[in-house]
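Okay, structure first, notes after.
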Amino acid sequence: MNSDEIRVLLVDDQELFREGVRVIIDAQPGMRVVGSAGDGLEAVRLVDELEPDVVLMDIRMPEMDGVEATRQVFSPDRAARRTRPVRVVVLTTFNLDDRAATAIRYGASGFLLKDTTPLMLRDAIRTVHAGNAVLAPQDLSTLLNGQFRARAAVPAAYGSLTEKEREVFAAVARGLSNTEIAGLVYASESTVKTHVGAILRKLGLRDRVQIVVFAHEHGLAG
């Protein structure tokens, strides 16, 4: 087994759809399907058992839907036991699906429409594996604005960010890339990466997508 391969778990209640996606992914260099599940309950169990890098999670399924399965996958106790990070992309038939927004709040890295092209699917898997979102920043903001009508109080941890880290935080919350942020704050890309790492560590967040969620949740996305 190639340790550099991106390990993918497929979760959908339609076997024909799962098998079609499996063929697409297994044909891509550097990625491989390691398992599949037909409902959310099985998905949560297989994430624990197989430790995939990326989970493609259908939203609407019997037994347990993709939203609740995502919440359980990223529950603190499971996250503490995990030896490698996992990313979740939810699959939906509706653009700007409110359930997809809830899944993103629980830890998903974005969503894909189920009629996406094989090329977009491949690129999405690579994108989330790198810790980024798989939908445009403006779409992510549109989703999250509807989710956080009541803003939560800003945690004390935010106060531990340096002035430069707050600049980078604001830029990440707007969906800017490291290259764009580097030009904005007059720093190298490697320095920006260092700042992003510090922000994630201080705020207890997993990736850049969760910085965007944090900013919306606490009214810091302006």
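The table that follows gives values for the structure above.
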quantity: Surface share of carbon and sulfur [accessible, 1.4 angstrom probe, percent] for the chain; calculated: 51
quantity: Listed peptides 50-61, 188-199, 35-46 by packing density, highest first (mean Cβ within 10 Å); calculated: 50-61, 35-46, 188-199
quantity: Whichever lysines have a C-alpha closer than 18 Å to that of Lys202, once near sequence neighbours (fewer than 8 apart) are set aside; calculated: Lys164, Lys193
quantity: Among Ala79, Ile59, Gly40 the positive-end extreme of the charge dipole of the chain (Cβ point charges); calculated: Ala79
quantity: Per residue accessible area in Å² of the chain, where ligands, DNA and RNA are left out and the probe is 1.4 Å; calculated: 48
quantity: 0 to 90° range, to nearest 10: angle between helix 163-173 axis and the chain longest Cα axis; calculated: 40
quantity: Peptide ranges 112-119, 10-17, 65-72 listed from the most packed, as the mean C-beta count within 10 angstrom indicates; calculated: 65-72, 10-17, 112-119
quantity: Correct choice for Cα extents along the principal axes in Å that was computed from the model, options (i) 44, 35, 32; (ii) 51, 38, 33; (iii) 55, 38, 32; calculated: (ii)
quantity: Estimated translational D of the range 1-61 in µm²/s (Stokes, Kirkwood radius over Cα pairs; 4 °C; 1.567 mPa s); calculated: 112
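The values are calculated or read from the model by the stated rules, or taken from the named source; none is laboratory data. Small disclaimer: the values here were computed from a predicted structure and weren't measured. Quick reminder, even Gly has a Cβ in these numbers, built from the backbone with ideal geometry, and neighbours come from all protein chains shown. SASA here: full protein model, heavy atoms, side chains in, ligands and nucleic acids out. Shrake-Rupley method; radii C 1.70, N 1.55, O 1.52, S 1.80 Å.
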